[in-house]
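The values are calculated or read from the model by the stated rules, or taken from the named source; none is laboratory data. Model, not experiment: these values are computed from the prediction. Using ideal geometry, Cβ is built from the backbone for each residue, glycine included, and neighbour counts are taken over all protein chains shown. With ligands, DNA and RNA removed, areas are computed over all heavy atoms of the protein, side chains included. Shrake-Rupley method; radii C 1.70, N 1.55, O 1.52, S 1.80 Å.
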Amino acid sequence: MADRRTFNVVILGVGFLFVFTAFTTCGNIEQTIVKSLQNETFNGSGYHSLGIIYGVFSFSNLLAPMFVSIVGPKLTMFLSGLLYSGYIAVFIVPYTWSFYFTSVLIGIGAAMLWTAQGQFLVENSEASTINRNTGVFWALLQCSMLFGNLYIYLDWNGKSEISESSRKNIFLSLLVASILGTLSFLILKKDFHEEDILTEDEGQSLLSGPVMYKHRANTALQDAKLEFRTILQLVNTRTIFLLSPCMAYSGLELSFYSGVYGTCIGATTQFGNKAKGLIGISGIVVGIGEIVGEFEEAQSGGGCSGTDARCPPGGGLFGLLCKNSHFRRTSVVFLGMVVHFIAFYLIFLNIPGDAPVVFSTTTQTTPFLTPSASVALLCSFLLGLGDSCFNTQLYSILGCVYAEQSTPAFAIFKFIQSVFAAVAFFYSGYLLLMWQLLLMVVLGFTGTLCFFIVERMQNGATDVQEY
């Protein structure tokens, strides 16, 4: 049984590695590609597409658990992978209607995919292996930011314009990666425990096609109603209210590092023919920052409670810095805020103000300093590192405070994060870079302060309980 579960976890990670190699690379270069596509058959916006994806994703999370319970996690992940592949395929022969239609579909598919992943990882883990399994899964997933962006750098380096043949070759390669990841979900094996859930009497009555699905649907509907009531109860708690600014900030900075910043680098005229290739390198360096923050040794406890499989492992770096520290979460969040604010200030000085909003492929304004590729890539690393600071500690504190209600708590987190990511993508094409950075600074400071208050509340409650 242990070998089968380990096999499933590794294949699950490999599947997500391939699927998100395609999707994260696509998100990083999407607006740059779209700028080069403006013609009589296509006039879409990459920012709007990503905004639609995250907006639909946030609301689809409310229905995803019921769908997964009825269909099963394995089939759900396969169907969701097909939706991801369809979105990638649109860029080979792009039309505006198909571009936005698949944006809606992939938003639905993302909610189904991540809910199914969490359930499947739990089914294939025990209390003694959950940290190891989440570590293996997230290590493989974070590598998805490396390979596709490396291809972008090798293909685009030295090019000032993206040709049609280059675009088609890129997205054909990404489509193949996405399809391979989707097909890998089909070779996942059922867990022995799952095969024995039904007794023989129940099996005879339920394994009759429509009866079985009707039973699953009724059970899933009851579970969904219970979870929704729990979500409404948690929303009214002081802890969720205070953590909301930090969750919202994680959505803003997610949209910035995953879609906006790469576009800004590619549009910076002063980088010359290296600009487009730097988009790929930037994506790789962001991934390295994430990996440094989120990778942990297989047997370490990390910053996560282990109550939910969707919780990424607390970073090994953070574990070393804050191990056995009473205020370790606040230390990491403070580090994340400082790292991000340094990155924002350097970006403000190094990148032209109109970089995210220009409708051509290059900028017109001049930044305060002569743009430096080294500084731009340093900021990419800091963005990835800071993101892992906030996300790992948000998961950690939610897992500790709501250990018995982890799924609804994480659903609220993903909902708030996704809504603000969607909002950020929609305004990114209209607000100058300085105003976008200012919004993140204000919300980041507020979110960090509120996180400190929640941590102080929890430490006080723990002290009283111990006394």
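Within region 293-316, does at least one residue satisfy the condition of being touching a Phe, Trp or Tyr at 6+ places or on another chain (Cβ under 9 Å), open to solvent by 30 Å² or more (accessible area, probe 1.4 Å) and at pLDDT 55 or above? Checking region 293-316: not a single residue is touching a Phe, Trp or Tyr at 6+ places or on another chain (Cβ under 9 Å), open to solvent by 30 Å² or more (accessible area, probe 1.4 Å) and at pLDDT 55 or above. Answer yes if at least one residue in region 352-370 is in a helix (DSSP H, G or I) and among the β-branched types (V, I, T), and no otherwise. No: zero hits.
The sole residue among A248, A275 that is out of contact with any Asp or Glu (no Cβ under 8 Å at 6 or more places or on another chain) and modelled with pLDDT of 90 or more is A248. The residues of region 131-155 that are closer than 19 Å to R4 by Cβ and surrounded by fewer than 21 Cβ atoms within 10 Å (Cβ to Cβ), listed by number, are R132, V136, L140.
Once region 92-130 is narrowed to residues that are part of a helix (DSSP H, G or I) and polar (S, T, N, Q), the residue that is modelled with the lowest pLDDT is Q119.
The criterion of being farther than 24 Å from Y54 by Cα, surrounded by fewer than 20 Cβ atoms within 10 Å (Cβ to Cβ) and not aromatic (F, W, Y) holds for G158. Pairs meeting the criteria (first residue in region 138-161 and closer than 14 Å to I284 by Cα, second residue open to solvent by 40 Å² or more (accessible area, probe 1.4 Å) and not polar (S, T, N, Q), beta carbons under 6 Å, at least 6 apart or on different chains) are Q142/I291. Candidates are the residues of region 42-76 that are of a type in the set (A, V, I, L, M) and not in a helix (DSSP H, G or I); the one that is nearest to the chain's Cα centre (by Cα) is L62. Here is the figure for region 161-178: residues that are assigned to a helix (DSSP H, G or I), of a type in the set (A, V, I, L, M, F, W, C) and within 21 Å of A267 (Cα to Cα) total 2.
The residue pairs whose first member lies in region 403-415 and is under 15 Å from F59 (Cα atoms), whose second member is modelled with pLDDT under 80 and not in a helix (DSSP H, G or I), and whose beta carbons are closer than 8 Å, counting only pairs six or more residues apart or on different chains, are F410/D308; F410/R310; F410/C311; A411/L62; F415/L62. Of all the numbered requirements in (1) at pLDDT 90 or above; (2) crowded, with 21+ Cβ neighbours inside 10 Å; (3) not basic (K, R), A89 misses one, and that requirement is (2). Looking for something open to solvent by less than 50 Å² (accessible area, probe 1.4 Å), out of contact with any His (no Cβ under 9 Å at 6 or more places or on another chain), hydrophobic (A, V, I, L, M, F, W, C) and more than 22 Å from G429 (Cβ to Cβ) - is there at least one such residue anywhere in region 20-36? Yes, region 20-36 has at least one match. Can you name the residue in region 421-447 that is under 13 Å from L50 (Cβ atoms) and not small (G, A, S) and, of all such residues, is modelled with the highest pLDDT? Within region 421-447, the match that is modelled with the highest pLDDT is V423. When each of E253, E290 is tested for being under 16 Å from the mean Cα position of the chain (by Cα), crowded, with 18+ Cβ neighbours inside 10 Å, modelled with pLDDT under 90 and at negative phi, the lone residue that passes is E290.
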